[in-house]
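Remarks on the structure that follows.
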Amino acid sequence: MKKWENTGDKVLPIAFIVFLIILWEILIKIYNIPKYILPAPSSIISALIEYRQILWEHTKTTIVEASIGFVIATIFAIFAAGLMNKYELLKKIIYPIFVISQTVPIIALAPLFMIWLGFGILPKIVIVVLVCFFPIAVSVIEGLETVDQDLINLMKVMGAKPFQIFIKVQMPATLPAFFSGLKIAATYSIMGAVLAEWIGAKSGLGVYMTRAMNSFRIAALFADIFVVVILSIGIFQLIERVSKKIMPWNQQTNQRRDLHVKKSKKFIDRSIGNGFRFIRLCREERGSTKGR
């Protein structure tokens, strides 16, 4: 039963997506919608096959930009979060600036970085760093704040140094929040790189996207979007797998919690059913009493 539930959790979303794709194809054929308005999935697959070499060349550029920016953002975010956790005054000064920075549309800043840093790879990396930095930093800050202070005090009483406290107590407790921020930032990294390439670049999926739009090759545009989606999902799944390897205890905790939730749900359902049966019996008893 459990194996079927786990399989169903994976199969059902895929089956629903396949259903939507088939429905999309059928509707395009029935209403004869032109390709320059909305191409059919079969046309998008044909475009993927036809332009696979070009798409691969642009994909490599986007992956390099997103990867470098993502790594730099992760390093800076961990460093900044550690400093803000250690110095409360610094957090009060810098944290509001981080929040305000997220209210500025990145598409408004991108042209400025192109003017200041040129049309090479550097402005794209800077934009990816800006996009990825905030979710990682906030996740690490929140994770550090949830660490049990009694454990830290106990480590201090036992003579542990700050680095030992961080390795033994703070880091393991912060890992779930850290990986949650990583997964969000990883999907943002591809989006940030593509957005930067829109403004100006020589290669990349964003450049190919603008070229496809300008030439009204909508099937090629959807093929480009499909590659972006696959890259984002791939990075997300990679971080998910790494987190399970590094935090096996967290997965076991989640499984126990899910089991507890299922048992609680069954108990509630059973209690509600018993309640309805009791009410029905009371009504039947009352009806028989009135008949007498």
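The values are calculated or read from the model by the stated rules, or taken from the named source; none is laboratory data. Please read all numbers here as calculations on a predicted model, not as lab measurements. So basically every Cβ, Gly included, is an ideal-geometry build from the backbone, and we count neighbours across all protein chains shown.
Does any residue of the stretch 89-112 turn out to be closer than 30 Å to W198 by Cβ, without any contact (Cβ under 8 Å) to a residue 24 or more places away in the chain and among the small types (G, A, S)?
So far as the stretch 89-112 goes, yes, one or more of its residues are closer than 30 Å to W198 by Cβ, without any contact (Cβ under 8 Å) to a residue 24 or more places away in the chain and among the small types (G, A, S).
Tally the residues that are in contact (Cβ under 8 Å) with a residue 24 or more places away in the chain and either more than 29 Å from the chain's Cα centre (by Cα) or within 14 Å of V227 (Cα to Cα) (or both), restricting the search to the stretch 19-42.
The first filter runs over the stretch 19-42 and keeps only residues in contact (Cβ under 8 Å) with a residue 24 or more places away in the chain, leaving 35-39.
Then drop every residue that is not either more than 29 Å from the chain's Cα centre (by Cα) or within 14 Å of V227 (Cα to Cα) (or both), which leaves 35-37.
Here the count works out to 3.
Restricting the search to the stretch 216-231, which residues are crowded, with 16+ Cβ neighbours inside 10 Å and either assigned to a helix (DSSP H, G or I) or touching a Cys at 6+ places or on another chain (Cβ under 6 Å) (or both)? Before you say what the answer is, go through the steps one by one.
Step one: list which residues in the stretch 216-231 are crowded, with 16+ Cβ neighbours inside 10 Å, which gives 217-224, 226-228, 231.
Selection gives I218, A219, A220, L221, F222, A223, D224, F226, V227, V228, L231.
The rows are residues; the columns are (1) within 14 Å of F222 (Cα to Cα); (2) surrounded by 12 or more Cβ atoms within 10 Å (Cβ to Cβ).
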site	(1), (2)
P13	no, no
F19	no, no
K29	no, no
I33	no, yes
P39	yes, yes
I45	yes, yes
L48	yes, yes
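Which one is surrounded by the fewest Cβ atoms within 10 Å (Cβ to Cβ), of the residues in the stretch 202-215 that are over 26 Å from the mean Cα position of the chain (by Cα) and among the hydrophobic types (A, V, I, L, M, F, W, C)?
Narrowing the stretch 202-215 to residues over 26 Å from the mean Cα position of the chain (by Cα): 202, 211-215.
If we keep only those that are among the hydrophobic types (A, V, I, L, M, F, W, C) too, we end up with 212-213.
Values: A212: 20, M213: 14.
Looking at residues that are over 26 Å from the mean Cα position of the chain (by Cα) and among the hydrophobic types (A, V, I, L, M, F, W, C), I get M213.
On the given criteria, is L112 of a type in the set (A, V, I, L, M, F, W, C), closer than 20 Å to I97 by Cα and surrounded by fewer than 19 Cβ atoms within 10 Å (Cβ to Cβ)?
In short, yes.
Just to verify a result, which residue in the stretch 43-72, among those that are aromatic (F, W, Y) and under 24 Å from the mean Cα position of the chain (by Cα), is farthest from Y188 (Cα to Cα)?
W56
Looking at this structure, is Q255 over 21 Å from L130 (Cβ atoms), modelled with pLDDT under 60 and touching a Lys or Arg at 6+ places or on another chain (Cβ under 8 Å)?
Values: over 21 Å from L130 (Cβ atoms): yes; modelled with pLDDT under 60: yes; touching a Lys or Arg at 6+ places or on another chain (Cβ under 8 Å): no.
The answer is no for Q255.
Is there a residue in the stretch 144-152 that is crowded, with 18+ Cβ neighbours inside 10 Å and touching a residue at least 24 places away in the same chain (Cβ under 8 Å)?
For the stretch 144-152, residues crowded, with 18+ Cβ neighbours inside 10 Å and touching a residue at least 24 places away in the same chain (Cβ under 8 Å): present.
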